[in-house]
Amino acid sequence: MLTEATRHRDFPSLAGLVYLNTAAEGIPPVQVGSALAQYFRDHQLGMDGREQHAAQRRAVQELTAQLYGLSADEIGICSCSSEAYNLAALALKLKPGDEVIVNELDFPSGVTPWLQAGSPATVKVWRFRQGVLRVEDLVPLLGPKTRLVTVSLVSFYNGFLIPLPAVVEAVRRNSSALLAVDVTQALGRLPLELAGVDLIVSSTHKWILACHGGGLVGVPRERAREWTVPAGGWYNLQDAFGPTRFDRAVSQPGAASFSVGMPNYPALYAIRAALEYIQGVGVEAIAAASDPLVQSCLEGLAKLPVELITPREPGTLAGIVAFRHPASEQIHRRLRERNIHLMAHAGRLRVSLHGYNTLTDMDQFLAGLTEALKHV
């Protein structure tokens, strides 16, 4: 990552491959494989391995806290971002008349819990214009009935980076709502400034280069009461085996309540190794190396007969560039034949650029795309 030598050493599977699909699946460094092997060795110790397992979990909390700007005790761990949002819905205890604001650029996990028939809240949709969620369009949706605003820091759909400080200010000025932010498409790729956010959620198999089976939840201590999940279980409870266990169940407050059952320890070993790797390289260094590739991609696509759906406004770019073409599936197939991997879905093609990508990758992609367009 960042240099030819470390890329070859840490990501041998990238040899001869132009991989531009981290927004869907990150390529883990070899250190993650070593961590999974260590889990197996520790698990072979039986109960004696639990001490090592617990140390890995605590390390993940500490590493995540550093990236979120919180303390380790303000970090909860569940199985994925979708589970995190469903648990958050339990914590909110919405009632008829409550309002939740979602948006058109968000991934389903942050939107659909509030759309289920069992959710009593009214859902309002923050619409985008020219690929951008504009704060002036959010303000009229806010009011005294707004309980939650949920948004992704970076959109999976077109890579739009929201102006988070302006969103926080608008929510605070115009409502008493809670603000939930999904950082899945930013964590490990962009430095994070999350002041004013009430709930932070991320999956673990994309930009931090770990594995499936993890959901990293941040709950600032001052919001613990609002985000205490009333779920059954044992790991999340204050006294699951005490003398009153058949009288009542009381959740631990805040972030701890999102860890409902036995932790997914194999995933935690992988997440710890991946976060250590990302922090060892440095998120700022990753952004500095990758951002020029995003700009190069945008400039190259602007010269080709495709419809760019990633906004080009200053301050709106992250690691994702998306565009459309009527023959997207054919283009995708022709690029795969050249060992160039990106995402294609419903006419949309998406390129995502991380610290293991290079200018050569970008040149090969644009050359391959130019050639593919000649044959569709």
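The values are calculated or read from the model by the stated rules, or taken from the named source; none is laboratory data. Small disclaimer: the values here were computed from a predicted structure and weren't measured. Every residue, glycine among them, receives a Cβ derived from its backbone with ideal geometry; neighbour counts consider all protein chains shown.
Here is how the numbers come out for the structure above:
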quantity	calculated
Candidates Y68, Y39 - the one that is aromatic (F, W, Y) and closer than 19 Å to Q185 by Cα	Y68
All positions within region 225-269 that are among the hydrophobic types (A, V, I, L, M, F, W, C) and without any contact (Cβ under 8 Å) to a residue 60 or more places away in the chain	W234, L237, A240, F241, F246, A249, V250, M262
Among the residues listed as V60, V32, V102, the single one being touching a residue at least 40 places away in the same chain (Cβ under 8 Å), under 25 Å from S175 (Cβ atoms) and either part of a strand (DSSP E or B) or not small (G, A, S) (or both)	V102
Restricting region 257-313 to residues that are among the small types (G, A, S) and not in a helix (DSSP H, G or I), the residue that is farthest from N86 (Cα to Cα)	G282
Subset tally (residues that are closer than 25 Å to V217 by Cα, part of a strand (DSSP E or B) and of a type in the set (K, R)) for region 116-173	2
Matching residues, region 105-115, being surrounded by fewer than 18 Cβ atoms within 10 Å (Cβ to Cβ) and assigned to a loop (DSSP other than H, G, I, E, B)	L115
Failed item in (1) in the same structural domain as L148 (by TED's automatic domain parsing); (2) in a helix (DSSP H, G or I), with K95 passing the rest	(2)
A318 being buried (at least 17 other Cβ atoms within 10 Å of the Cβ) and within 24 Å of the chain's Cα centre (by Cα)	yes
Counted residues, region 63-83 - those being under 24 Å from E284 (Cα atoms) and assigned to a strand (DSSP E or B)	1
Selection count where residues are loosely packed, with under 13 Cβ neighbours inside 10 Å, in a loop (DSSP other than H, G, I, E, B) and modelled with pLDDT of 95 or more, scope region 200-237	1
Condition broken by V18, with the remaining ones in (1) in the same structural domain as D361 (by TED's automatic domain parsing); (2) under 19 Å from G188 (Cβ atoms); (3) in contact (Cβ under 8 Å) with a residue 60 or more places away in the chain satisfied	(2)
Condition met for D239 (among the charged types (D, E, K, R) and over 27 Å from A24 (Cα atoms))	yes
Selection from region 28-61 of residues that are surrounded by 18 or more Cβ atoms within 10 Å (Cβ to Cβ) and not charged (D, E, K, R)	P28, P29, V32, A35, Y39, H53, Q56, A59, V60, Q61
Filter pass, L335 being in contact with a strand residue (DSSP E or B) (Cβ under 8 Å, 6 or more places away or on another chain), touching a residue at least 40 places away in the same chain (Cβ under 8 Å), crowded, with 22+ Cβ neighbours inside 10 Å and of a type in the set (A, V, I, L, M)	no
Flag if R50 is touching a residue at least 12 places away in the same chain (Cβ under 8 Å) and in the same structural domain as C211 (by TED's automatic domain parsing)	no
Residue list for region 124-134, restricted to those being touching a residue at least 24 places away in the same chain (Cβ under 8 Å) and surrounded by fewer than 16 Cβ atoms within 10 Å (Cβ to Cβ)	V125, R127, Q130
Only listed residue being assigned by TED's automatic domain parsing to the domain that holds R9, in contact (Cβ under 8 Å) with a residue 40 or more places away in the chain and more than 14 Å from G159 (Cα to Cα), chosen from A289, A322, A346, A318	A289
Some residue of region 86-101 being surrounded by 15 or more Cβ atoms within 10 Å (Cβ to Cβ) and basic (K, R)	no
Positions within region 347-376 being under 26 Å from L187 (Cα atoms), surrounded by fewer than 18 Cβ atoms within 10 Å (Cβ to Cβ) and aliphatic (A, V, I, L, M), in sequence order	L359
Filter result for R7 (assigned to a helix (DSSP H, G or I), more than 30 Å from T360 (Cβ to Cβ) and among the basic types (K, R))	no
Options S251, S259; residue that is assigned by TED's automatic domain parsing to the domain that holds L148 and within 30 Å of A23 (Cα to Cα)	S259
